[in-house]
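Comments concern the structure below.
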Amino acid sequence: MGFPRGRRRFALAVVALLATAATAVIVHRVLAPAEVSTVARGEYPAAAQPAVGVIGRLPVAPLIVDERLRVYAAHRQVYADRPVDGRHRTSPYWSYRRWPAELTGVVASGSTVVSRWSDGQLVALDAPTGRVLWRADGPVPAKSTAVVRRTGATTVWEPRGLYLTDLADGRTALVATGDTQAGAVEVNGGRELWRVDLPGSCRRDIGTTASGQLIGLDGCAGPATVEFRDAATGAVGTRWRPPGGSDELVATPLGCRTGRSDCSGLRTAGPGDAGGRGWLLGAGEPLAAPALDPAGATLVGEQAVTIVDDGVAVGRSARDGTELWRSPALGSARVLAAQPGLVHLLTEANDLVTLDPVTGRQLSRFSMNVGSDGTGWAPGAVFAEDGYVAVERLRKPVDPEGDDQRYYLTAEAVILAATRP
């Protein structure tokens, strides 16, 4: 005996309503914005003291934090492992994940790790514990067409539009920029310092100076002009163009403490320039530094380091060009990276040579080889900090358009080395 027709219709309506409600709950759980923070359970490791040489082979690019952790970037996650000199990547020490936002940049100041997300959120994490220290609304990052490859190197080594700089009063500011806005917050606590509107993609940011300024290249209202914005207040101070420079201008920071943060020099170039022109940065207008003019010149502290004939490295005073030292011939070599107190050269045979930039004294030299991988690779993105050097190893001949399997030498494409005795 069946239900009367009216009751059957009512029952079907109830079932349909319940099914719709259940679907809505599932959709909400799956699609609703969420974050998952997995904090550290073990002890914060002591600073490592590895022996000089290659110490690890990793599938992703590490950001060395506090000389104790390696921090990595994934599509929607920032996470850390330990020890810093571990030969391979290990299980996460802590992890922080957001959804549906995407991770666009990571920087570190002391034991604070700050992540930036595609919705503009800035989230600071405590390196010893992985706990969230603060959250702040920042400018939405500029859209980029650059390919983000599997190592995540661009996200942790040179995050676009995310910079650190030390202010005159001892505070550290985090500057975040996008196409339409720029702003800064204090790393200690996340308090907003300023927020300004920007004219759009006709202007782009380059980095920050060691004297607490945001460097921008403005081409919106005429010839391209370098502007220096106070990172403490957001006010534009100096606007400058190289004397006799072209209307078109490319500017590249030099002598940065890490990535494009806390930089003490600048190279400008226009159409037809062989290498460009080098400049030292301070509180006022940039000062000409001819020792930085060559395209391969690197600024380390007050020294300009270049490679001349037969792989001889030459150190000169960046201020007056006086030659300070010459290294023995290394054969075909290039300046790979620099960090405070160290300059790193890579020979044709992929030996890593580390020099003291003040005296030219060789501090270490070893082959950048691990396991049976060999040295038949080309260097890709590079990171240098706290005496460590990490390099992406690319397959020869390098195919910039190739997929990751073709582009990288191996699945563990990043080699990590300790260079300081």
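On inspection, Arg41 passes the criterion of being out of contact with any Phe, Trp or Tyr (no Cβ under 8 Å at 6 or more places or on another chain), over 30 Å from Gly234 (Cβ atoms), open to solvent by 30 Å² or more (accessible area, probe 1.4 Å) and modelled with pLDDT under 95. Residue count for the range 108-144 satisfying the condition of being open to solvent by less than 30 Å² (accessible area, probe 1.4 Å) and within 13 Å of Thr177 (Cβ to Cβ): 7. The set of residues in the range 387-405 that are in contact (Cβ under 8 Å) with a residue 60 or more places away in the chain and either assigned to a strand (DSSP E or B) or closer than 22 Å to Asp66 by Cβ (or both) comprises Tyr388, Ala390, Glu392.
From the list Ala51, Ala74, the lone residue that is within 29 Å of Asp351 (Cα to Cα), of a type in the set (Gly, Ala, Ser) and at pLDDT 95 or above is Ala51. Taking the range 207-226 as the range and being surrounded by fewer than 18 Cβ atoms within 10 Å (Cβ to Cβ) and within 21 Å of Ala168 (Cα to Cα) as the test, only Ala210 passes. A count restricted to the range 218-230 and to residues that are aliphatic (A, V, I, L, M) and modelled with pLDDT of 95 or more stands at 1.
Considering (1) free of Cβ contacts under 8 Å to residues at least 40 places away in the same chain; (2) of a type in the set (S, T, N, Q); (3) touching a Phe, Trp or Tyr at 6+ places or on another chain (Cβ under 6 Å), the lone condition that Thr225 does not fulfil carries the number (3). Look at Thr165 and say whether it is crowded, with 18+ Cβ neighbours inside 10 Å and not small (Gly, Ala, Ser). Answer is yes for this residue. Among the candidates Val84, Val107, the residue that is under 23 Å from Thr165 (Cα atoms) and aliphatic (A, V, I, L, M) is uniquely Val107. Pull up the range 32-52, narrow it to residues that are of a type in the set (Gly, Ala, Ser) and in a strand (DSSP E or B), then point me to the one that is farthest from Val353 (Cα to Cα). Applying the filter and picking the extreme gives Ala34.
Residues satisfying the criterion are present in the range 261-279 (criterion: closer than 25 Å to Ala333 by Cα, at pLDDT below 90 and hydrophobic (A, V, I, L, M, F, W, C)).
Of the strands (runs of 3 or more DSSP E) lying entirely inside the range 227-297, those containing at least 2 residues that are open to solvent by 50 Å² or more (accessible area, probe 1.4 Å) are 236-240, 250-258.
Would you pick out the residues in the range 235-246 that are in contact (Cβ under 8 Å) with a residue 24 or more places away in the chain and more than 30 Å from Gly183 (Cβ to Cβ)? The answer is Ser246, and nothing else.
Hand me the list of strands (runs of 3 or more DSSP E) wholly inside the range 53-166 holding 1 or more residues that are acidic (Asp, Glu) and over 20 Å from the mean Cα position of the chain (by Cα).
Fully inside the range 53-166 and qualifying: 132-137.
One line per residue, one yes/no per condition, for (1) of a type in the set (Phe, Trp, Tyr); (2) open to solvent by less than 30 Å² (accessible area, probe 1.4 Å); (3) farther than 27 Å from Ser261 by Cα:
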| site | (1), (2), (3) |
| --- | --- |
| Val308 | no, no, yes |
| Gly315 | no, yes, no |
| Val353 | no, yes, no |
| Asn369 | no, no, yes |
| Val382 | no, no, no |
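Residues of the range 231-253 that are modelled with pLDDT of 95 or more and on the phi > 0 side of the Ramachandran plot: Gly234 alone. In the range 91-107, the qualifying residues are those that are in contact with a Lys or Arg (Cβ under 7 Å, 6 or more places away or on another chain) and either within 20 Å of Glu43 (Cβ to Cβ) or among the basic types (Lys, Arg) (or both), and the one that is most open to solvent (accessible area, probe 1.4 Å) is Arg97. Tallying residues that are open to solvent by 30 Å² or more (accessible area, probe 1.4 Å) and either farther than 13 Å from Ala338 by Cα or touching a His at 6+ places or on another chain (Cβ under 6 Å) (or both) within the range 384-405 yields 10.
Restricting the range 179-189 to residues that are of a type outside the set (Val, Ile, Thr) and open to solvent by 10 Å² or more (accessible area, probe 1.4 Å), the residue that is farthest from the chain's Cα centre (by Cα) is Gly189.
The values are calculated or read from the model by the stated rules, or taken from the named source; none is laboratory data. What you see is a predicted model, and the numbers here were worked out from it, not measured in a lab. We place every Cβ from the backbone using ideal geometry, glycine too, and count neighbours over all the protein chains shown. Remember, those area values only see protein heavy atoms, side chains included, never the ligands or the DNA or RNA. Shrake-Rupley method; radii C 1.70, N 1.55, O 1.52, S 1.80 Å.
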